[in-house]
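Chemist: Take a look at the following structure, please.
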Amino acid sequence: MRHAVNAGDEPTAIDAVSAPDAEGKPRRTTRRFPRITRDTARPEGGGRAAPGDAPAPARQWPILTVLSAVGLGLLLTALDVFRFGTILIGAALLAGAVMRWTLPSVGMLAVRSRFTDMLTYGVLGVAIVLLALMAQPNPLLEIPFLDDTLHFTVR
């Protein structure tokens, strides 16, 4: 927006402008997006999870917690403790969803909006845990309609 200023009058907006910068002047005088993106918006809750004077690992403790649990689950799975390892991986993703929901700032655990992150971590965590519980041999969870579907399609 162009601004019209008469002597002693308040400025009035004639065209669309963006928010003012630190000096009060509009940063962009058009509604058209720039051809080159210079920066990206931080995800909601994407700030540090600990104060800036804390060491780097402490500032990102939520993502480190989830990644450590997933790494331990992968190690257990590789060491032939399949069911417990995959349940641990799913539980780590569920813990990530809970942290994303409850904590105001989760560092790099925030990738998208809070709702999308919670939904993604939660659905993947539940799916992994359910699949680990239904894995053969000796499944801990049996869902009858899935067994019927398997008999109908494969056998």
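Coordinate-derived values only; no laboratory data. Just so we're clear, the structure is a prediction, and the values are computed from it rather than from any experiment. Reconstructed Cβ throughout: ideal geometry from the backbone, glycine too, with neighbour counts over all protein chains shown.
Chemist: Could you quote the convex hull projected area for region 57-137, Cα atoms only and averaged over all directions, in nm²?
Modeler: 5.3 nm²
Chemist: Suppose each label sits 7 Å from its Cα in the direction of the beta carbon; what would the PHE115-THR102 distance come out to in nanometres?
Modeler: Between PHE115 and THR102, the simple spin-label model gives 2.3 nm.
Chemist: For region 87-129, report the % of Cα-Cα distances exceeding 12 Å.
Modeler: 51 percent
Chemist: Also, I was wondering about something else. For ALA135, which sequence-distant residues (separation of 5 or more, or a different chain) have an amide H within less than 5 Å of its own amide H, given hydrogens modelled in the peptide plane?
Modeler: Here LEU140 satisfy the definition.
Chemist: Still on this model: For region 87-128, what does the relative contact order come out to in percent, with C-alpha contacts under 8 Å and a separation of six or more?
Modeler: It rounds to 57 percent for region 87-128.
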